[in-house]
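Any read-out appearing in this document is the output of simple, stated calculations on the displayed coordinates, not a laboratory observation. Keep in mind that what you see is a predicted model, and the values were worked out from it rather than measured.
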Amino acid sequence: MSRMRTGWVGLLVACAAAGAACQGTAPAVQGLRVLVRLASDSGARADTPSATIEQRASESAGVPVRYVAGSGAQWHALILQCAAPDCAAALQRLASDSAHFSAVQRDERRRH
């Protein structure tokens, strides 16, 4: 009987630990949050798919990019997924792509 009780206790502890880990919010993506404005002469339209913007930004920056949200027709929030030392260079590469992005800046807006 004691062996059976020990098994159940172990199972309950494992379930509780797994449940606590799963109930939290998704881990924040590490990197640098930026705002980009699409270049009007790049053929980008207000309905440009977020996946297209994400892909273009990733190719330009040389690091993976995650699309966060649009802010109007031309401005978009992105996260450059890079380690701190590499983010400055990735930001510079992205800003250099004036064919696709007419403005690139750090997102300094306050978030809750």
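Could you pull out every residue, at least 5 positions away or on a different chain, whose amide H is within less than 5 Å of the one on residue 68? Hs are placed 1.01 Å off N in the peptide plane, and Pro or chain starts have none.
HN-HN under 5 Å from residue 68: 77, 78, 79.
Based only on the alpha carbon positions, what is the Kirkwood hydrodynamic radius of region 54-110, in angstrom?
Working: mean 1/r = 0.0868 Å⁻¹.
Computed over Cα pairs of region 54-110, the Kirkwood hydrodynamic radius comes out at 11.5 Å.
Long-range amide H contacts for residue 39: which residues qualify at under 5 Å (H placed 1.01 Å from N, peptide plane, sequence gap of 5 or more or a different chain)?
Amide H neighbours of residue 39: 101, 102.
Applying the Karplus parametrisation 6.51 cos²θ - 1.76 cosθ + 1.60 with θ = phi - 60° to the phi angles of region 76-81, what ³J(HN,Hα) value in whole Hz is obtained for each residue in order, glycine and proline being reported as x?
Each residue of region 76-81 in turn: 9, 8, 10, 10, 7, 8 Hz.
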